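One structure is given below, encoded as structure tokens.
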Amino acid sequence: MTKQDNARSGADGSGPLLEHLVGFKEELTRSGYGPVRSGAHLELFADLCDWTKRQSLAPGELTSDRVAAFLEDRRARGRTDLVSVVGAAPLLGYLVRIGTLPEQVLVVSDGPGRALLEAYRHYLEAERGLAARGVERYVKLASRFVASLEHDGVIDWPGVSARDVTGFLAASCSSGRAQHAPAVVPVLRSFLRFALLEGVIALPLHHTVPAVAGWRMSPLPQGISPEALRALLESCDRSSARGQRDFAILILRNCSGAPGQPDPSLEQLP
């Protein structure tokens, strides 16, 4: 390890993790990271080295709880890049693989909903078989919903209603964040279904989560066969004003060729 490596990473040249700096830098290069993102991850490495030194921790003591505390401290110091477990995954994964750090697990924050969120995390991991990133995304969003239900440190689970669900969705998918809806809706529906099965809520609130309209790659509307159209026309009661109107609409909507020219297959209709 050279002084130049230390300078690039921002490390002060000491600390129990620093001996792995060169190996991590090589790992980033093998993984295809360019100079800019490699620099960001090396800065994270240096920050972890410095924090570990300040806390007088050995690398083997960096459990999931302590890594979460480091990331929280990093956010509190105003950092905005690589401040989550997902962002730090390349560094944490590397240190775990070489046996420097213990295995990392998702940590759920303290609060009145922690027991349910822990059970939900276990369900996603053990029964759904989601990968670590998927589990974190689901649990983090579910944690946000649970936090929105908390009042004075308490959650009235029997009182959770459709209004709470739609209020959370409106806040999460407001006009400036509408693109988040496809990510939020399935997670919220999954968590509410789980809470119902666990007996925590009494109502099937997952049914109140609306579907997300998705028009991308939608096929063009398909026409109907002449036989189906003929059956529709014959069903119109042309002895009534409404039936005559419906008949006229169907004829006009199924013209072919020049405007107003009906489909030849309809010429034999009475």
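The values are calculated or read from the model by the stated rules, or taken from the named source; none is laboratory data. Please read all numbers here as calculations on a predicted model, not as lab measurements. When we count neighbours, we look across all protein chains shown, and the Cβ atoms used for this are built from the backbone with ideal geometry, even at glycine.
At-a-glance table
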item: Residue, surrounded by the most Cβ atoms within 10 Å (Cβ to Cβ), within the range 63-80, restricted to residues that are out of contact with any Asp or Glu (no Cβ under 8 Å at 6 or more places or on another chain) and part of a loop (DSSP other than H, G, I, E, B); result: 63
item: Residue ID - surrounded by the fewest Cβ atoms within 10 Å (Cβ to Cβ), chosen from residues in the range 138-162 that are over 16 Å from residue 104 (Cβ atoms) and among the charged types (D, E, K, R); result: 152
item: Residue 60, sole failed condition from (1) exposed (fewer than 15 other Cβ atoms within 10 Å of the Cβ); (2) not in a helix (DSSP H, G or I); result: (2)
item: Test: residue in the range 204-213 that is outside any helix (DSSP H, G or I), modelled with pLDDT under 85 and more than 30 Å from residue 116 (Cβ to Cβ); result: yes
item: In the range 118-153, residue farthest from residue 186 (Cα to Cα) [restricted to those that are among the small types (Gly, Ala, Ser) and in contact (Cβ under 8 Å) with a residue 24 or more places away in the chain]; result: 153
item: Complete set of residues in the range 138-161 that are in contact with a helix residue (DSSP H, G or I) (Cβ under 7 Å, 6 or more places away or on another chain) and assigned to a helix (DSSP H, G or I); result: 138, 139, 141, 142, 143, 145, 146, 148, 149
item: Near pairs, Cβ below 7 angstrom, 6+ apart or cross-chain, from the range 232-244 (in contact (Cβ under 8 Å) with a residue 24 or more places away in the chain) to any residue that is part of a loop (DSSP other than H, G, I, E, B) and surrounded by 14 or more Cβ atoms within 10 Å (Cβ to Cβ); result: none
